[in-house]
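Working notes, beginning with the structure itself.
The values are calculated or read from the model by the stated rules, or taken from the named source; none is laboratory data. All values reported here derive from a predicted model rather than from experimental measurement. Positions of Cβ are backbone-derived with ideal geometry, glycine not excepted, and every protein chain shown enters the neighbour counts. Just the protein is used for accessible areas: all its heavy atoms, side chains included, with ligands, DNA and RNA removed. Shrake-Rupley method; radii C 1.70, N 1.55, O 1.52, S 1.80 Å.
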Amino acid sequence: MTVSYTLKVADSRFGGFSKLLFRWKGSIYKLLYKEFIVFVVLYAVLSLVYRQLLSEEQKRLYTKVAQYCNRSTDLIPMSFVLGFYVTLIVNRWWAQYTSIPLPDQLMCVISSNVHGKDERGRILRRTLIRYANLSAVLILRSVSTRVLKRFPTMDHVVEAGFMTQDELKKFESLHSDFNKYWIPCVWFTNLAAQARRDGRIRDDVALRLLMDVSRCQGVSRDQAHAKFRSPILVLSVQELNLYRAKCSMLFHYDWISIPLVYTQVVTIAVYSFFAFCLIGRQFLEPLEPGQEGDLDMYVPLSTLLQFFFYAGWLKVAEQIINPFGEDDDDFETNKLIDRNLQVSLLSVDDMYQNLPPAVKDKYWNETTAQPPYTVATVAETLKPSFLGSTFDMRMCEDTEQSQLAEASPSMPRIQTPLLSRFFAAASPAISIKNFGRGSRGHPHLRRPRADGGFPSPYPSRSEDPELVARIEEEEKEDEELEDEETRLGGTHLPEASETQRKELPLIQVKALSSDSIGADQQEAWEP
């Protein structure tokens, strides 16, 4: 039986996990105590032999061997090898559990869409869901020792009610060298098709449902409708395919194991590590007389803890590598079979069109429904609802930042507050004045001079008069500034105003245009 302690760790409290250390069932003590006793006995035997039976010369030789073994333990990457292996095993363990077929979705589809209160309708619904449960029992017999012990032969399956004698004869008459867990699924599809022909499955599902289901099957909408002639039947077959796929995954998980070489490498690494520890972790006498040796504690506590951790890690992987056995934490497959059969039959039979009366709910006349709290939970009502991490930001304190602005290509760009700290003055590298200045300008952005000093790389392209006038004006200002600096013998630039620090002009290069680009598609360049 699976050991569940979820309630014990529902709340974090002082010593919460410590209380779990005193449980025996499913514990690491129960899993590891035999190996632990063997390791302690072997260590004690070697210690007695070293202390009582060896001569002084033999002790010195043993000491050298022990030191070599102790150094060798550092060469085995135990944490890496074990950590990666156990992670792989745990992921595979959970994937196997999620692959166990459950009939919940299938039984809802059958209960709501296979109609008929008469005996024939009841037989159809119960038989369909029984076929699904039979398929799960057959695959679980193949992978779980618990289920196989419960149903050792097919006669036991018939006696349990999952199969009739006629179905058993038909099942055994179909010869196959492979596992035949899929045969009840084929019976399901044929019986569903027969129910459609008899009118038990009605064609009254919306087109959206048909499209979604047929797309999930990888066939077109027309193909699905032509084959089954009912979107309800398509949905039933789709749910059965999902159910059958999980049965198939269980079979393949049982067939394809973790590569044997990987398991062998991990096992050899652990065993060799502690074989070295048995020899190298003994308390030894010093090699030279008068040399101070280590403290002789007789019991190697750190080595025992190391064995407990590493060997326990390996035993965890050993326990869950196949969760369909009979260990304490293996899956309770027999309980799942009982639950699935009982719940599915209840859903398709007793609950078929057995509904409570539909009445007005308690909050019929209330705009905001507020369920009551108990005294133990009333404190939760004092906590405000979470509306988002940015809900409490104060954006309206800075009125300048809160003003609305219309986005426009001709509108000057605004610097962020962080950048404005670095641009205390107008930077020459980003100023529009530098476009067209000497070798620092880009040739394809420099306008042709009127005196022919610089030939235009695009002689056939027109210029924007407004842009040209603006560049000329800033060039004049730049020349005046350079003359002033030359006259004063310094290179200090005047401090820029607040507006200049905040605004960087957006330069639209309209002078460059090609034959293939229209006037309304001219490029824009942003510094």
- request: Test each condition in (1) at pLDDT below 95; (2) crowded, with 17+ Cβ neighbours inside 10 Å for residue 171 and report the one that comes out false.
  value: (1)
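A quick yes/no check of all residues on (1) among the acidic types (Asp, Glu); (2) under 28 Å from residue 71 (Cα atoms):
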| position | (1), (2) |
| --- | --- |
| 245 | no, no |
| 254 | yes, no |
| 281 | no, yes |
| 305 | no, yes |
| 322 | no, no |
- request: Quickly run through the stretch 96-145 and pick out the residues that are among the charged types (D, E, K, R), exposed (fewer than 15 other Cβ atoms within 10 Å of the Cβ) and under 14 Å from residue 191 (Cα atoms).
  value: 120
- prompt: Looking only at the stretch 41-95, which residues are under 22 Å from residue 321 (Cα atoms) and either among the charged types (D, E, K, R) or open to solvent by less than 50 Å² (accessible area, probe 1.4 Å) (or both)?
  reply: 78, 81, 82, 83, 85, 86, 89, 92, 95
Test set (1) under 30 Å from residue 282 (Cα atoms); (2) at pLDDT 95 or above - residue 54 fails condition number: (2)
- request: Of the conditions (1) in a helix (DSSP H, G or I); (2) at pLDDT below 95; (3) under 41 Å from the mean Cα position of the chain (by Cα), residue 194 clears all except one; give me its number.
  value: (3)
field: Candidates 298, 310, filtered to the one that is open to solvent by less than 60 Å² (accessible area, probe 1.4 Å) and either part of a helix (DSSP H, G or I) or not hydrophobic (A, V, I, L, M, F, W, C) (or both)
entry: 310
- request: Search the stretch 149-171 for residues that are assigned to a helix (DSSP H, G or I) and pair each with any residue that is open to solvent by less than 100 Å² (accessible area, probe 1.4 Å) and among the hydroxyl-bearing types (Ser, Thr, Tyr) when their beta-carbon atoms are under 8 Å apart and the residues are at least 6 apart or on different chains.
  value: 158/164
message: When the residues of the stretch 327-369 are narrowed to those that are part of a loop (DSSP other than H, G, I, E, B), touching a helix residue (DSSP H, G or I) at 6+ places or on another chain (Cβ under 7 Å) and within 30 Å of residue 89 (Cα to Cα), which ends up least open to solvent (accessible area, probe 1.4 Å)?
response: 331
- request: Among the residues of the stretch 18-36, write down those that are under 30 Å from residue 275 (Cα atoms) and not in a loop (DSSP other than H, G, I, E, B).
  value: 21, 22, 28, 29, 30, 31, 32, 33, 34, 35, 36
statement: Taking first residues from the stretch 59-79 that are over 15 Å from residue 47 (Cα atoms) and in contact (Cβ under 8 Å) with a residue 40 or more places away in the chain and second residues anywhere that are assigned to a helix (DSSP H, G or I) and open to solvent by 70 Å² or more (accessible area, probe 1.4 Å), the pairs with Cβ under 9 Å that are 6 or more apart or on different chains are 78/313
task: Assess whether residue 304 counts as being in a helix (DSSP H, G or I), within 30 Å of residue 57 (Cα to Cα) and open to solvent by less than 100 Å² (accessible area, probe 1.4 Å).
output: yes
Residue list for the stretch 8-17, restricted to those being assigned to a helix (DSSP H, G or I) and open to solvent by less than 60 Å² (accessible area, probe 1.4 Å): 9
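Conditions (1) farther than 29 Å from residue 4 by Cβ; (2) over 37 Å from the mean Cα position of the chain (by Cα); (3) acidic (Asp, Glu), marked per residue:
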site: 289; (1), (2), (3): yes, yes, no
site: 293; (1), (2), (3): yes, yes, no
site: 296; (1), (2), (3): yes, yes, yes
site: 311; (1), (2), (3): no, no, no
site: 316; (1), (2), (3): no, no, no
site: 329; (1), (2), (3): no, no, yes
site: 337; (1), (2), (3): no, no, no
